[in-house]
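Right, one structure below, let's go through it.
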C-alpha cells in the first residue's frame with residue numbers, strides 16, 4: 001500500500017467529532033488567515049476568468065490550490081485528512097450538468113463567496129433521491145454558525161452543486177484523496193431529480 005493510499009484509508013475512518021474539529025480549523029484558515037485567503041482569492045479570480053471566457057460552454061470552472069499551505073497549519077493528527085484543495089466556481093442559476101462522486105475521497109466543502117446548495121443522493125440505486133443542503137458564505141444572513149457554510153460528502157456518494165440565482169457561487173473543497181489518487185465519476189443522466 002502506498003503512503004498516500006494509507007493516508008486515504010485513515011482519512012475515511014473519521015468520527016463526527018474529528019470532522020467538526022477539522023472543519024473548525026479549516027474554517028479559521030479559509031476566512032481568517034490572510035496568506036491563505038490570498039491564495040483562495042487568486043484561485044477564485046482565475047476560475048472567474050475561465051468561467052467567463054468566450055471559449056467556454058461549461059457553467060463551472062475549477063482551480064487546484066496548494067494543499068501544503070493548509071496542511072502545515074493544521075494539527076498533526078488532522079493533516080492526513082486533507083490532501084487536495086479545489087476552488088470551484090459555478091455560474092449563478094446553474095447546477096453541475098450531471099451528478100458526480102469521488103469514489104475514494106471524503107469531500108469537505110465550504111461556501112466561500114455567495115450561496116448555493118449541495119444535493120446529495122440518499123442511496124446508490126437507480127431510483128435515488130437527492131436531499132438539498134443550502135449553504136451560505138460569511139457576510140450573508142444566517143452565516144454566523146460556521147456549520148451552515150460547510151457540507152461533508154462521504155466517499156462514493158452522488159452529489160451536485162447548484163448556485164443561487166443571485167450570483168456565481170464559489171466553494172472550496174478539501175478532499176481526503178490527493179490530486180493524483182482521487183477518482184471522480186459523473187452520472188450519465190443529466191437530470192437526477
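Details
- Of the residues 171, 106, 42, the one that moves most in a GNM of the chain with alpha-carbon contacts below 10 Å is 42.
- Residue of 49, 98, 178 that the Gaussian network model of the chain assigns the largest fluctuation, springs spanning Cα pairs under 10 Å: 49
- Computed over the chain, the per-residue total of -39500 (n - 2.57) for DSSP H runs of n ≥ 4 gives a 222 nm mean residue ellipticity of -8000 deg cm²/dmol, rounded to 500.
- A simple spin-label model places pseudo-atoms 7 Å from Cα toward Cβ; at residue 122 and residue 91 they are separated by 3.2 nm.
- Kirkwood radius for the chain, taken over all pairs of different Cα atoms as the inverse mean of 1/r, rounds to 16.9 Å.
- Pairwise label distance in nanometres, residue 16 with residue 37, each label 7 Å out on the Cα-Cβ vector: 3.2
- Pair residue 179, residue 45: separation of 7 Å Cα→Cβ label points (nm): 2.0
Bear in mind that the values in this text are calculations on the coordinates, not laboratory data. Everything quoted here is computed from the prediction, not taken from an experiment. As a convention, Cβ positions derive from the backbone with ideal geometry for all residues, glycine included, and neighbour counts pool all protein chains shown.
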